[in-house]
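Throughout, read-outs are computed from the coordinates displayed, never taken from laboratory work. Worth saying up front: this structure is predicted, and the values here are computed from it rather than measured. Every residue, glycine among them, receives a Cβ derived from its backbone with ideal geometry; neighbour counts consider all protein chains shown.
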Amino acid sequence: MSEASVDNGRRTWLITSGAVGAVGAAAVAVPFVSTFQPSERAKAAGAAVQVDISAIQPGEKLVVEWRGKPVWIMKRTTEQVAALEKLDAEVADPESQRTAYPTPEYAKNRSRSIKPEIFVAIGICTHLGCSPSDKFQTGAQPSLPDNWQGGYLCPCHGSTFDLAGRVFKNKPAPDNLEVPPHMYLSDTVLLIGEDKKA
């Protein structure tokens, strides 16, 4: 056997094994690279959420999930909306001017909402991320002032919020509850996560 035939045999073997190796590497790389694409579940997690609010009665709250966060939709009574005016001097940011959790322009009002009776907020305390409890009953109660008008109490460190999600003065929470982007598709259907018609 000559040296030339050995070199040609090795060359053929090297080319063949290299080609097979490249195909194998591609077969492994394609699924691996595809894992960097967001899954359908991940895409859906950031998508806007459509909610039928027709069944919510005055004084009731519905909780839905958007981007992995609880979103509260509260239908306030006429009395609850009227009580908000009495609290302007007691809350830290009555006009929602602070920028750590920017409030959409359409919610920079006393009721912090598009429609005064419907309040939409992310139900996470701005202090350390706990979820405040509903304290809709008025009057003196444990951990609440004697003149309580209804609202939310964060049990972790005692931050209190009125029924517009405005934090009371001298509480650990630095800001009002966040109002997510939202808009009405009809009188009874709310879209959370978008506030401009495409």
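Extension gain for Ala82 to Ile15 (0.36 nm times residue separation, less C-alpha to C-alpha distance): 15.9 nm. With the simple spin-label model, which puts each label point 7 Å out from Cα in the Cβ direction, the Arg67 to Ser133 separation comes to 2.9 nm.
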